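Only one structure is covered here, and it is reproduced in the block below.
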Amino acid sequence: MSTSYTIPKTQKAAVVESVGGTLQIKDDYPVKQASELAPGECLVKLEFTGVCHTDLHAAKNDWPVPAKTPLIGGHEGVGHIVAIGEHTQDSPVKVGDRVGIKWLAYSCLECEQCRKGNEQVCVKGKYSGFSVDGTFSQYVVSWVSHVTPIPANLDSAEAASILCAGITVYRAIKHSQTHIGDWIVLPGAGGGLGHLAIQYAVAMGLRVVAVDTGAEKRDLCLKLGAEKWVDFKETKDLVKDIKDATGGAGPHSTIITAASNAAYEQAIDYLRPGGTLMVVSLPGQGKLSCDIFFTVTKAISILGSYVGNRQDAIESLDIAARGKVKCYYTLKPLSALQETYEGLEEGTVVGRVVLDMKQ
């Protein structure tokens, strides 16, 4: 028996009208109707959406690649499919399914990168809340080939941030060339990506040194399984403290989740020989600066890791659904988006902010 939904003509949405423009909450933003969906498109009625540092960059338009305007940001949405475009063939999802909307909204699935499982770098890729409208609205258009089914026993608000922050750190750790018992350092450990990275790392048998600042973040990191804590504002020698925390030799890998150039600059100094620097966070105008001599003579690997593919999404959600990873989040209404951006810019957000789109 098929489910049918009444789709309104307008909705509530947070819109950035122009480059450098202010965020506006609109109550009369148009909703794409079922008859207007192209083959392969689906319309999702959202329940919750996470807020990511990337959304702040998109709103400010401070990356080398510009976002579209006007723009509805957001790319960590969970909701139910209420319509699928006519003439969609072999859809892996159906109307009524609970699905997630990720940063990667669409890829061609046919080019070399897509065939190799790197669909997130597809030249035809479309990105939620950046090149196409995202999840800071009550309804969002996506593609049946890329929405991710949400495991039945995973709460929707909990699942939201796994769809970007979780996938991103899970893939980075998976490719960090580490093994069970290795040390991994997580700058930005108390933030949205970092606090999930601690849990994925622990679930994968790694030993974690958390780097961040403040008592609240320290307590959260240690509660989630980090063995050691380094406060970057209190330390007099960050490199020495990290090496000491790992027994003197330094960590086997570091996943940089702090949107800070300084976090990258020190990594080569504290990584042990043969270590791996995973480049994940995206400062607005960041340059990767490292000592070439010691990068070579310590045989350091530097790897960029960009969100994750469809399989990474399924795996990271499955780990969370089995209780190995839990998102620490604060629930707020869509009207709190601007103050959330300000908190992200100041580095005061602990864990993740999730917006309740049902309000």
Filtered residues of the stretch 93-115 (kept if open to solvent by 30 Å² or more (accessible area, probe 1.4 Å) and within 10 Å of residue 146 (Cβ to Cβ)): 106, 109
Hits in the stretch 16-33 - residues which are closer than 16 Å to residue 67 by Cβ, open to solvent by less than 50 Å² (accessible area, probe 1.4 Å) and either assigned to a loop (DSSP other than H, G, I, E, B) or at pLDDT 95 or above (or both): 21
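Looking at the stretch 244-323, what helices (runs of 4 or more DSSP H) fall wholly within it and have at least 1 residues that are crowded, with 23+ Cβ neighbours inside 10 Å, hydrophobic (A, V, I, L, M, F, W, C) and at pLDDT below 95? Give the derivation first.
Numbers: elements: 261-265, 267-270, 292-297, 310-321.
So the answer is 267-270.
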The listed residue being of a type outside the set (S, T, N, Q), part of a strand (DSSP E or B), in contact with a helix residue (DSSP H, G or I) (Cβ under 8 Å, 6 or more places away or on another chain) and surrounded by 18 or more Cβ atoms within 10 Å (Cβ to Cβ), out of 349, 353: 353
Is it the case that the stretch 248-261 has a residue that's at positive phi and without any contact (Cβ under 8 Å) to a residue 24 or more places away in the chain? yes
Please enumerate the residues belonging to the stretch 212-235 that are in a strand (DSSP E or B) and closer than 21 Å to residue 161 by Cα. 212
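Going through the stretch 55-77 one residue at a time, which ones are open to solvent by less than 40 Å² (accessible area, probe 1.4 Å) and in a loop (DSSP other than H, G, I, E, B)? Can you show your working first?
First, pick out the residues of the stretch 55-77 that are open to solvent by less than 40 Å² (accessible area, probe 1.4 Å): 55-59, 61-62, 67, 71-77.
The answer is 61, 62, 67, 73, 74, 75, 76.
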Residue set 142, 161, 128, 137; condition within 23 Å of residue 331 (Cα to Cα) and either over 17 Å from the mean Cα position of the chain (by Cα) or surrounded by fewer than 24 Cβ atoms within 10 Å (Cβ to Cβ) (or both); output residue 137
Can you tell me which residues in the stretch 1-11 are open to solvent by 60 Å² or more (accessible area, probe 1.4 Å) and modelled with pLDDT of 95 or more? 9, 10
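Out of the stretch 165-199, which residues are in a helix (DSSP H, G or I) and free of Cβ contacts under 8 Å to residues at least 40 places away in the same chain? Please lay out each step first, then the result.
Step one: filter the stretch 165-199 for residues in a helix (DSSP H, G or I), giving 165-174, 192-199.
Matches in the stretch 165-199: 198 only.
The values are calculated or read from the model by the stated rules, or taken from the named source; none is laboratory data. Here the structure is a predicted model, which is why all the values come from computation and not from measurement. As a convention, Cβ positions derive from the backbone with ideal geometry for all residues, glycine included, and neighbour counts pool all protein chains shown. Just so you know, the surface numbers come from the protein's heavy atoms only, side chains and all, with ligands and any DNA or RNA stripped out. Shrake-Rupley method; radii C 1.70, N 1.55, O 1.52, S 1.80 Å.
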